[in-house]
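Take a look at the structure set out below.
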Amino acid sequence: MFSATTSQIRDSHLVLYLKSHPLQAFGFAVSIISIVMAIIGPYIVPHSPTLGVPGKHLLPPSHEYWFGTDVNGMCIFSRTIAAYRTDLVIAVVGALMALFIGAPLGIIAGYFDGKSGFWGSVSLAILRIMDVIQAFPVFVLGLLLVAAFGPSPQNLIFMIAVANIPGNLRLARSEAISLREKDFVESARAVGNSELRIAFHHILPNAITPVIALLSVVMGFGILLTAGLSFVGAGVRVPTPEWGSMIASGGTTMITGQWWPSFFPGLFMALTIFGFSMLGEIITVLIDPLERIKLSSGSDT
């Protein structure tokens, strides 16, 4: 039994894909490590990520402070690791909100597109509202929302959700438009299902897969947007560990040669965003039946 289980794991589509794509395998490993660090990071850091030590400002990397210290005397390594939780929680919750709001609205906008009646009007109204949201550059929209409601993690989550709802909606809408002409929809209508039940009970489950594949990409975008807003002072603020605010506070010292306060959080942020972008690519490949057949046939040869 053990050998059979090991063989199944070795020959799984995921393992086969990662074996033949080293760059994606590296990104997958980075994304898994990022998730683990978000869970355990604050508990394993050697120093407090929020308290500075007097007299230890801007110390270079050493055996005591691996990444050095910042202008407030705080350990950069501890803050960089603890920032995983801050940035990933904001990005994950915001991305999930965008998924859970955008996908159902996209189903309505797609399934009832071009139809008359109440739901046809709702479909048109949804599209017009999304057009208004997408008329604003994402970063400008984020600044407007944060300026209106104040800089806080909760408002950043709301901003990420609002900024990414249109993308989820339009992807779900395109799937719904293609699926509503399928035979199973006609069969469901023939046995007496209401149009709304067909949309959510039959169309939504079949249209949600590519939207879920987009989730990891939205998470990476959420991390970047959170860091960008924190960099300009409109996001998470010191002493809460967050990569964007760490880069901003370290940017003032780079001109005098203290490069480490910005370099290390910037490096970890870039790696994390890269990891989640690769994870999205992996999910997209694995949910495609044709790609799975190619992987299986490749392993057989």
(request) Quick one: in region 160-176, of everything that is surrounded by 21 or more Cβ atoms within 10 Å (Cβ to Cβ) and of a type in the set (D, E, K, R), which residue is modelled with the highest pLDDT? (result) ARG173
(message) Would you confirm, using the coordinates I've provided, whether PHE149 is touching a residue at least 60 places away in the same chain (Cβ under 8 Å), in contact with a helix residue (DSSP H, G or I) (Cβ under 7 Å, 6 or more places away or on another chain) and surrounded by fewer than 17 Cβ atoms within 10 Å (Cβ to Cβ)?
(response) no
(request) Pick out the one residue from ARG197, ARG180 that is free of Cβ contacts under 8 Å to residues at least 60 places away in the same chain and more than 21 Å from PHE139 (Cα to Cα). (result) ARG197
(request) Considering only residues that are charged (D, E, K, R) and in contact with a helix residue (DSSP H, G or I) (Cβ under 6 Å, 6 or more places away or on another chain), look in region 152-183 and name the one that is nearest to VAL93 (Cα to Cα). (result) ARG173
(request) Could you tell me whether region 26-34 includes any residue that is closer than 18 Å to GLY244 by Cα, modelled with pLDDT of 90 or more, part of a helix (DSSP H, G or I) and among the small types (Gly, Ala, Ser)? (result) yes
(request) Could you tell me which of the residues THR86, THR6 is of a type in the set (Ser, Thr, Tyr) and modelled with pLDDT under 90? (result) THR6
(request) Could you check, for region 265-281, whether at least one of its residues is more than 22 Å from ILE157 (Cβ to Cβ), at pLDDT 90 or above and of a type outside the set (A, V, I, L, M)? (result) yes
(request) Assess whether LEU224 counts as being farther than 25 Å from GLY27 by Cα and either of a type in the set (Gly, Ala, Ser) or in a helix (DSSP H, G or I) (or both). (result) no
(request) Answer yes if at least one residue in region 106-121 is polar (S, T, N, Q), modelled with pLDDT of 85 or more, surrounded by fewer than 16 Cβ atoms within 10 Å (Cβ to Cβ) and part of a helix (DSSP H, G or I), and no otherwise. (result) yes
(message) Condition check: over 14 Å from the mean Cα position of the chain (by Cα), surrounded by fewer than 23 Cβ atoms within 10 Å (Cβ to Cβ), at negative phi and part of a helix (DSSP H, G or I). Does SER230 satisfy that?
(response) no
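Within region 42-59, is even one residue outside any loop (DSSP other than H, G, I, E, B), modelled with pLDDT of 90 or more, within 23 Å of GLY280 (Cα to Cα) and within 25 Å of the chain's Cα centre (by Cα)?
The answer is no; no qualifying residue exists.
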(message) I want to confirm something. Restricting to region 177-194 and keeping residues that are within 32 Å of the chain's Cα centre (by Cα) and in a loop (DSSP other than H, G, I, E, B), which single residue is surrounded by the fewest Cβ atoms within 10 Å (Cβ to Cβ)?
(response) GLU181
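The values are calculated or read from the model by the stated rules, or taken from the named source; none is laboratory data. Remember, it's a predicted structure, so these values are computed and weren't measured experimentally. In this analysis, Cβ positions are derived from the backbone assuming ideal geometry, glycine residues included, and neighbour counts consider all displayed protein chains.
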